[in-house]
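A short worksheet on the structure shown next.
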Amino acid sequence: MFSTALDKNRHDRKSFDCGVDVLNNYLRLIANQQSSKDNSRTFVIEDDENKKQIMGFYTLTMITVDLGSLSSGLQKKHKHNNSAALLARSAVDKRHANRGLGSWLLVDALKKLLTASESVGFPLVVVDAKDGVSAFYEKFGFVPFKDENNKLFISIADIRASLK
């Protein structure tokens, strides 16, 4: 299994249904526009039997982070860099749920971001988890920000160590 960039001419975005209208509509209506404007990149997993069908997707972009919401150790370490990668969206089609694709998508996104960090330095990856999903990210080493339980981060150094 591998991910590929969303291609509006190849991928059937209309049939994707993760059960969350906001995510479905993002994939159907906004993801390609944001990519064409260089605001984000969306990657999909294609169904092996039907390459047009999207089994899951995630979107990556960059953000700035309020260093004051990090631990004092991280504030000191990154005091001159408040940039971070953002795993902005991630979803699995209901037809492919409970097959481990959410975990696969997350690891794939982290691998892409680790590779990107070798060319363009940024210390953190951030995710805004939907209610009830924070525990999923915590299993992978993400830590909640001090002031927001559903906003989590992991350092590039931790990703590098865990993927070796």
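Counting only other residues whose beta carbon sits under 13 Å from that of Ser117, what net charge do I get with K and R as +1, D and E as -1?
Taking every other residue near Ser117 into account, the sum is +1.
Hey, got the dipole for the chain? About the Cα centre, +1 on K and R Cβ, -1 on D and E Cβ, debye to the nearest 20?
Dipole of the chain, to the nearest 20 debye: 260 debye.
Which residues make up the longest stretch of the chain clear of chymotrypsin sites (Phe, Trp or Tyr not before Pro) that lie in a DSSP loop with no more than 16 other Cβ atoms within 10 Å, not counting the sites?
3-139
For the Cα atoms of the chain, what angle does the longest principal axis make with the long axis of helix 101-119, in degrees from 0 to 90, nearest 10?
Between helix and principal axis, roughly 50 degrees.
So what are segment 3-163's ellipsoid semi-axes, whole angstrom, largest first, if each one is the square root of 5 times an eigenvalue of the alpha-carbon gyration tensor?
The equivalent ellipsoid of segment 3-163 has semi-axes of 28, 16, 14 Å.
Placing +1 on the Cβ of each Lys and Arg and -1 on the Cβ of each Asp and Glu in segment 1-134, which of Asn82, His11, Asn98 has its Cα farthest towards the positive end of the resulting dipole?
Final value for the positive-end residue is Asn82.
Output ³J(HN,Hα) for segment 49-61: one whole-Hz value per residue in order, computed from phi by the Karplus curve 6.51 cos²θ - 1.76 cosθ + 1.60 with θ = phi - 60°, and x for Gly and Pro.
8, 9, 4, 6, 7, 8, 8, x, 8, 8, 10, 10, 7
Can you give me the Cα centroid spacing of segment 99-164 and segment 16-35 in angstrom?
A separation of 21 Å, based on Cα centres.
Please give the length that would be gained between Asn9 and Ser103 if that part of the chain were fully extended, namely 0.36 nm times their separation in residues minus their C-alpha to C-alpha distance (nm, one decimal).
That works out to 31.1 nm of additional length.
Under the rule of -39500 (n - 2.57) per DSSP H run of 4 or more residues, summed and divided by the residues of the chain, what mean residue ellipticity at 222 nm is obtained, to the nearest 500 deg cm²/dmol?
-8000 deg cm²/dmol
All of the numbers you see were taken from the coordinates with simple rules; none came from a lab. Since this is a predicted model, take the numbers as computed values, not measurements. Positions of Cβ are backbone-derived with ideal geometry, glycine not excepted, and every protein chain shown enters the neighbour counts.
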